[in-house]
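Notes follow once the structure below has been shown.
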Amino acid sequence: MEKYNRVVLKLSGEALAGKLGYGIDPEVIQSIATQIKEIVAYDIEIAIVVGGGNIWRGMAGSAKGMDRATADYMGMLATVMNSLALQDSLEDNGVQSRVQTSIEMRQVAEPYIRRKAIRHLEKKRVVIFAAGTGNPYFSTDTTAALRAAEIEAEVILMAKNKVDGVYDADPFVHPEAKKYQELTYLDLLNGNLGVMDSTASTLCMDNDIPLLVFSIMEEGNIKKAVLKEKIGTVIRGK
């Protein structure tokens, strides 16, 4: 059976909100936890990076006049809330997990230590990376790319809640939009396709980390992704 051995799963905050549009939808987070439990049973090491857009978006706060760094730090704290909720759901499903934060808060999570994160993965614990990179001006997409490079993940699985891949135009505005099966990071950057920010794309390209963009709204898609089934859009360095 073909599969990835170590992956980074990137979940947007909006994905956790589900149909609620804001906050955390218990049904969605339970579904994600159940799917991750199934993956762990395949002896796959999984690390997760969660966004915070369902609670707070730093860019939005900055656009309304808030200091950008302050707004971004608030966004990092939102990712910690999402990470703890996901950890709780995983543990409730019998999946051992650890939350590691880039901003130290020992009462609720471990500080991010690369070697410790890798050791957790080797022991088949799910590791959830929270608080972004710990720096303002960097997105959680960049966090996913950075952590994937650090832990030597084979692929980044980018789970979307609205689209099932990368299109040449917004499929909600243009029904005739074409879905790509495969792209390069240069295609992504040159076409300004908006899958992830340019910093994250460049980091993935420089470190030759493939990216799979797929829909999380269909039950079982995470399993299909880690078992290398053909879903979504694959983005490679060349």
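Numerical summary
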| quantity | calculated |
| --- | --- |
| Flag for ARG106 being out of contact with any strand residue (DSSP E or B) (no Cβ under 7 Å at 6 or more places or on another chain), in a helix (DSSP H, G or I), of a type in the set (D, E, K, R) and surrounded by fewer than 17 Cβ atoms within 10 Å (Cβ to Cβ) | no |
| The lone exception for PHE172 - which of (1) over 18 Å from LYS10 (Cβ atoms); (2) surrounded by 13 or more Cβ atoms within 10 Å (Cβ to Cβ); (3) not β-branched (Val, Ile, Thr) it fails | (2) |
| Condition check for TYR4: closer than 28 Å to LYS230 by Cα and in a loop (DSSP other than H, G, I, E, B) | yes |
| Residue count, segment 208-233 (criterion: surrounded by 15 or more Cβ atoms within 10 Å (Cβ to Cβ) and closer than 19 Å to THR142 by Cβ) | 5 |
| Criterion: of a type in the set (A, V, I, L, M), in contact with a helix residue (DSSP H, G or I) (Cβ under 6 Å, 6 or more places away or on another chain), part of a loop (DSSP other than H, G, I, E, B) and surrounded by 15 or more Cβ atoms within 10 Å (Cβ to Cβ) - qualifying residue of VAL95, VAL99, VAL163 | VAL95 |
| Single residue of GLU38, GLU45, GLU2 found to be crowded, with 21+ Cβ neighbours inside 10 Å, within 24 Å of GLU218 (Cβ to Cβ) and among the charged types (D, E, K, R) | GLU45 |
| Selection status of VAL95, at pLDDT 95 or above, in contact with a His (Cβ under 8 Å, 6 or more places away or on another chain) and within 16 Å of ILE32 (Cα to Cα) | no |
| Yes/no for GLY52 being closer than 20 Å to MET196 by Cβ and not aliphatic (A, V, I, L, M) | yes |
| Filter pass, ALA63 being more than 18 Å from VAL99 (Cβ to Cβ) and either at pLDDT below 95 or of a type in the set (Gly, Ala, Ser) (or both) | yes |
| Restricting segment 23-44 to residues that are within 17 Å of LEU84 (Cα to Cα) and of a type in the set (Ser, Thr, Tyr), the residue that is modelled with the highest pLDDT | THR34 |
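The values are calculated or read from the model by the stated rules, or taken from the named source; none is laboratory data. The structure displayed is predicted, hence computed values, not measured ones. As a convention, Cβ positions derive from the backbone with ideal geometry for all residues, glycine included, and neighbour counts pool all protein chains shown.
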